[in-house]
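A quick write-up on the structure given underneath.
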Amino acid sequence: MLKHRGFPGRMPGTDFQFTVRRPNPKGVTPLTRRERFADRKNVDRRVDATFMRALWEQFGDQPFERGNLDAGRLSWLFGREVIAAEDPFDPASYEALLVINVAVAQASFPDVFD
């Protein structure tokens, strides 16, 4: 499992995790698309925006390996702002390649791209 050096481990001042320390001994948690409903809490929206900013600052529009990025946090963006960069895509692989869908990410998180 690739560890993304310099990537924040969590949202500052909170317990919202962005990375994992070690591989899951029970197997890789697969990425799944999670629906973001309009009634989500403001803190959840801020965490998504902070995570998106960290992804953009670290990787830009280039493909990146999932590595130690938290599956739960990625799943809130997966299928919209973050998409598979390879075909076939294995959602249960730490080596899976992802890429930011810049047009969708800019529409969803305009403050991140100012």
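The values are calculated or read from the model by the stated rules, or taken from the named source; none is laboratory data. Because the structure is predicted, anything quoted here is derived from the model rather than measured. Counting neighbours? That spans all protein chains shown, and the Cβs are built from the backbone with ideal geometry, glycine included. Side chains included, ligands, DNA and RNA excluded: accessible areas come from the protein's heavy atoms. Shrake-Rupley method; radii C 1.70, N 1.55, O 1.52, S 1.80 Å.
Which whole-number percent gives the relative contact order of the stretch 14-77, counting Cα pairs below 8 Å spaced six or more residues apart? Numbers along the way, then the final one.
Working: 35 pairs, mean separation 42.9, N = 64.
Rounded, it is 67 percent for the stretch 14-77.
Name the residue, out of Ala92, Ala38, Ala71, whose mean-square fluctuation peaks in a Gaussian network model built on the chain with Cα pairs under 10 Å.
It is Ala38.
Remind me, relative contact order of the chain in percent, using alpha carbon pairs under 8 angstrom and six or more residues apart? If you can, show how the numbers build up before the last one.
On the way: 157 pairs, mean separation 37.0, N = 114.
Relative CO of the chain lands at 32 percent.
What percentages, rounded to whole numbers, describe P(r) for the stretch 4-51 computed over all alpha carbon pairs with 10 Å bin width beginning at zero?
With 10 Å bins starting at 0, P(r) equals 20, 43, 33, 4.
Only helical DSSP H runs with n ≥ 4 go in: add -39500 (n - 2.57) per run for the chain, normalise by residue count and round the 222 nm mean residue ellipticity to 500 deg cm²/dmol. Write out the running numbers ahead of the final one.
On the way: 3 runs with 30 residues, N = 114.
Computed mean residue ellipticity for the chain: -7500 deg cm²/dmol.
With bins 5 Å wide starting at 0, give me the P(r) of the stretch 62-108 over every alpha carbon pair, in whole percents.
5, 23, 34, 25, 10, 2
Using a 1.4 Å probe and counting only protein heavy atoms, arrange Lys3, Lys41 so the residue with the most accessible area comes first. Walk me through the intermediate numbers first.
Details: Lys3 90, Lys41 140 Å².
In descending accessible area the options line up as Lys41, Lys3.
Which three extents, in angstrom, do the Cα atoms of the chain have along their principal axes, listed largest first?
Here the spans come out as 34, 31, 27 Å, largest first.
In a GNM of the chain with a 10 Å cut-off on Cα contacts, which of Gly27, Gly13, Gly72 has the highest mean-square fluctuation?
Greatest mean-square fluctuation among the candidates belongs to Gly13.
Could you give me the ³J(HN,Hα) list for the stretch 45-60, computed from phi with Karplus coefficients 6.51, -1.76, 1.60 and θ = phi - 60°, whole Hz, x at Gly and Pro?
Per residue, the Karplus-derived 3J(HN,Hα) values read 5, 5, 5, 4, 5, 5, 5, 4, 4, 4, 4, 5, 5, 7, 10, x Hz.
Let me spell out the model: positive unit charges on the Cβ of Lys and Arg, negative unit charges on the Cβ of Asp and Glu, origin at the Cα centre of the chain. What dipole size does that give, in debye rounded to 20? Show your work: numbers first, answer last.
Working: 17 positive and 16 negative charges, 110 e Å.
Approximately 520 debye in magnitude.
Positive end of the dipole of the chain, charges at C-beta (+1 Lys, Arg; -1 Asp, Glu), about the Cα centre: which of Val47, Ala85, Ala103 has its Cα farthest in that direction?
Result: Val47, furthest along the dipole toward the positive end.
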